[in-house]
Amino acid sequence: MASALARLGRPTLTLAIALAIAALVIGLTGGEPLAAMRALLEGAFGSGAAILRSLAKATPLILAGLAVAVALRAGLFNIGAEGQLLVGAMASAWMGFAVKGMPLFIHLPLALAAGAAAGAIWAAIAGLLRAWQGTHEVIVTIMLNYVAINLTHLLVSGPLKDHSTLASATPKVQQTARLWSLQDDPSRFQALSATNFSAGFAIALLAVLVVWFIYKRTAYGFQLKATGEGPEVAATTGVPVKRVIVSAMALSGALAGLAGSVEVLGVHRRFLDAFSPGYGFDSIAVALLAGGSPIGVALSAIAFGGLSSGSLQMELVTDTPRQVAGIIQAVVILGIGARYVRRTR
Amino acid sequence: MADVATDSIIASVPFLYPELRQAVPLVLAACGGVVSERAGVINIALEGCMLTGAFVGLVAGQSFGLAAGLLGAIAAGGLVGLIHLLLTHRLGVNQIVSGVAINLLALHVTTFLMRIVFVRAEPPREAKLAALIPIDLFFVACFAVPLLLQLGLSRTPLGLRLRAVGESPESARMAGIGVLSVRTLAVVASGMLAGAGGAYLSMSQVGRFSDDMVAGRGYIALAAVIAGRWMPVGAAAAALVFGLLDSVQLQMQGTAGLPPEILRMTPYLVAIVAAFALRSKPPAALGAPIEPSRS
């Protein structure tokens, strides 16, 4: 227990320093730091609805944060979670609206699996190039982000567009491919139904458990760690390093793809162009703050989810620009930064 | 938009002009990328340097005139480069992590300041310039900078030192080269070039600043560095091609035919293909940290 508390110490301190810097920035630019920070915290966790909103925001961040964390475990830097999330979301949306007449217990898992598979394939490209050609995965994943942004934009404004709406969006997914959500029953959940909270949160927590189990209880978990700590040494002890690199990227991409799936199937119920405010990029901060622990990923995703939804409240109440949240995030990345990245190439 | 630079000489060359307009910021930032990476420092922060340059250039240009604005933008880009170097070489932050954080910081700080300085000011101001920097100035730079850099890197003692630091900092140190000073110079210069690219966007091409106006050009520049095999002239040529794709894409908007998204994703695909098919090898020590105490 003492060691668990010690592990929380540094991230908590970093977060506190980042909040202090944000308050300073607000003060220096003529705002009211105390009022802004209070509005931020109240907006994040101040009421039942606020907490649900923050958890809803945290849902894709947990999954995408796990994606970045799994790759980091193997010493790989997956900057492409955003692209993997987008192709995953698109695959889930397509599976959700195009396939008809299946029962929920088949259709929903199929739609989720499509998202995970698309994300896995997208990320595996970077893994394959890295393993067999030594091409830096950072470059490939960055470039694939922009390919995914343009590709999904192309699909959603052309071939897969729902022409009954002005928005660039696919048709809505079938009832049988929808994740349970508070928005489905406004008369029962009243104000809470507008929080976007869905069963996606449970899927995210399940993913945390699965990743924790892989790390702690499987031979593959050991191989990931050994590859991350030193591929040369790992290879001499019989770890199939190339296969681990490819499969780690695929697993990472599957988690990021799933982040897109739960947003589509639980929140928007369709692929809406530019629906992601950068979850894939935020997930880098989430994973770094978590420091390699899957449970840490959940905690830091909830912290960032709160930050993101709280910053909207802060803007509304105190007229402080919500970009403060992004500044806090960047400071956290730098504060925690280098410690958990064992090697870059 | 072509009306903003009717006095441009190059505007009279009908084919080159729209292409160059899109390519200028890419060429300058890509040259910056080459300088930094040849010295062994991954500079994902190009995007952030450009955005900071675009914002500072506009603000300084509004208050103190165009020349001061341009210098301010270049200085601001250099400062962001210096921050990247200090974080990575003094505080031990991983080069990729630092680049990601700097881009995030630049995006949110400029957007934040845009609200404070312009949108919510009493009375609200517009982030707009009355006059523009002549576009020809940047066109000249767009050809001169890559050529000079190419010569500088291959023919001057400083260029040789810079490449040595990028290939093997240890050997360079043993040969008596101040590794940290060379890298500092390279990364600051890299930021200054990207800052100039940003200034072009806000002060010459459109004459206003808007949120996230660099919009991924820093990453396209990075793609040009790879496609150009870490050579200034090669990177500039790749940037010109990417600029051509962009201008074709802009001209085709609203017309039937090839979807613009295909052209927009091409630079990134080219970079991926170039990274493995051309056997395009980065400098050997790219991304490797150096011991700060011993340099």
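Below, the figures for the structure above:
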quantity: Candidates A:ILE139, A:ILE106, A:ILE125 - the one that is assigned to a helix (DSSP H, G or I), at pLDDT 95 or above and closer than 20 Å to B:ALA223 by Cα; calculated: A:ILE125
quantity: Candidates A:ALA303, A:ALA287 - the one that is within 14 Å of chain B (Cβ to nearest Cβ) and part of a helix (DSSP H, G or I); calculated: A:ALA287
quantity: Test result for A:ILE121, more than 9 Å from chain B (Cβ to nearest Cβ), touching a residue at least 24 places away in the same chain (Cβ under 8 Å) and over 19 Å from A:ARG270 (Cα atoms); calculated: yes
quantity: Test: residue in the range A:243-266 that is in a loop (DSSP other than H, G, I, E, B) and either aliphatic (A, V, I, L, M) or within 10 Å of the chain's Cα centre (by Cα) (or both); calculated: no
quantity: Total residues in the range B:54-65, condition surrounded by fewer than 24 Cβ atoms within 10 Å (Cβ to Cβ) and touching a residue at least 40 places away in the same chain (Cβ under 8 Å); calculated: 2
quantity: Qualifying helices (runs of 4 or more DSSP H) (wholly inside the range B:149-264; at least 1 residues being hydrophobic (A, V, I, L, M, F, W, C) and surrounded by fewer than 20 Cβ atoms within 10 Å (Cβ to Cβ)); calculated: B:157-167, B:169-174, B:179-199, B:232-252
quantity: Residue match in the range B:179-192 (condition: of a type in the set (A, V, I, L, M, F, W, C) and over 25 Å from B:LEU85 (Cβ atoms)); calculated: no
quantity: Only listed residue being of a type outside the set (S, T, N, Q) and more than 12 Å from chain A (Cβ to nearest Cβ), chosen from B:ALA215, B:ALA224, B:ALA277, B:ALA238; calculated: B:ALA238
quantity: Test result for A:VAL239, more than 16 Å from the chain's Cα centre (by Cα), assigned to a loop (DSSP other than H, G, I, E, B) and away from chain B (no Cβ under 14 Å); calculated: yes
quantity: Among (1) closer than 25 Å to A:THR195 by Cα; (2) modelled with pLDDT of 95 or more; (3) among the small types (Gly, Ala, Ser); (4) surrounded by fewer than 24 Cβ atoms within 10 Å (Cβ to Cβ), the one test that A:GLY278 misses; calculated: (2)
quantity: Of the criteria (1) over 30 Å from A:MET95 (Cβ atoms); (2) away from every other protein chain (no Cβ under 13 Å), which one A:ILE327 fails; calculated: (2)
quantity: Index of the failed condition, B:THR255 passing every other in (1) modelled with pLDDT under 85; (2) closer than 21 Å to B:GLY40 by Cβ; calculated: (2)
quantity: Among residues of the range A:33-63, those that are of a type in the set (D, E, K, R) and under 18 Å from A:ILE203 (Cα atoms), counted; calculated: 2
quantity: All positions within the range A:270-282 that are within 11 Å of another protein chain (Cβ to nearest Cβ) and in a helix (DSSP H, G or I); calculated: A:PHE281, A:ASP282
quantity: Scan of the range B:116-136 for residues that are in a loop (DSSP other than H, G, I, E, B) and within 11 Å of B:GLN62 (Cβ to Cβ), ordered by number; calculated: B:ARG125, B:GLU126, B:ALA127, B:LEU129, B:ALA130, B:ALA131
quantity: Residue match in the range B:130-146 (condition: at the interface with chain A (Cβ under 9 Å from one of its Cβ atoms) and either more than 30 Å from A:THR141 (Cα to Cα) or within 18 Å of the chain's Cα centre (by Cα) (or both)); calculated: no
quantity: Qualifying residue in the range A:47-55 (condition: within 23 Å of the chain's Cα centre (by Cα), not in a helix (DSSP H, G or I) and not basic (Lys, Arg)); calculated: no
quantity: Sole exception among (1) over 30 Å from A:ASN150 (Cβ atoms); (2) in contact with a Leu (Cβ under 9 Å, 6 or more places away or on another chain); (3) surrounded by fewer than 24 Cβ atoms within 10 Å (Cβ to Cβ) for A:SER300, by number; calculated: (3)
quantity: Residue that is farthest from the other protein chains (Cβ to nearest Cβ), among those in the range B:107-126 that are within 30 Å of B:LEU286 (Cα to Cα) and in contact (Cβ under 8 Å) with a residue 60 or more places away in the chain; calculated: B:THR110
quantity: Candidate set: the range B:20-36, residues that are out of contact with any Phe, Trp or Tyr (no Cβ under 6 Å at 6 or more places or on another chain) and not aliphatic (A, V, I, L, M); chosen: the one surrounded by the fewest Cβ atoms within 10 Å (Cβ to Cβ); calculated: B:GLN22
quantity: Filtered residues of the range B:61-120 (kept if within 25 Å of A:ILE333 (Cα to Cα) and among the hydroxyl-bearing types (Ser, Thr, Tyr)); calculated: B:THR88, B:SER98, B:THR110, B:THR111
quantity: Long-range neighbours under 8 Å by Cβ, at least six apart or interchain, first residue without any contact (Cβ under 8 Å) to a residue 40 or more places away in the chain within the range B:157-178, second among the polar types (S, T, N, Q) and surrounded by fewer than 18 Cβ atoms within 10 Å (Cβ to Cβ); calculated: B:ALA164/B:SER171
quantity: Scan of the range A:80-100 for residues that are crowded, with 24+ Cβ neighbours inside 10 Å and out of contact with any helix residue (DSSP H, G or I) (no Cβ under 9 Å at 6 or more places or on another chain), ordered by number; calculated: none
quantity: Search result, residues across the range A:137-152 that are of a type outside the set (A, V, I, L, M) and within 7 Å of chain B (Cβ to nearest Cβ); calculated: A:TYR146, A:ASN150
quantity: Residues of the range B:66-110 that turn out to be over 19 Å from the mean Cα position of the chain (by Cα), buried (at least 19 other Cβ atoms within 10 Å of the Cβ) and at pLDDT 95 or above, as a count; calculated: 1
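The values are calculated or read from the model by the stated rules, or taken from the named source; none is laboratory data. Note that the coordinates shown come from a computational prediction; the quantities given were computed from them, not determined experimentally. Heads up, the Cβs are rebuilt from the backbone with ideal geometry, glycines too, and the neighbour counts pull from every protein chain shown.
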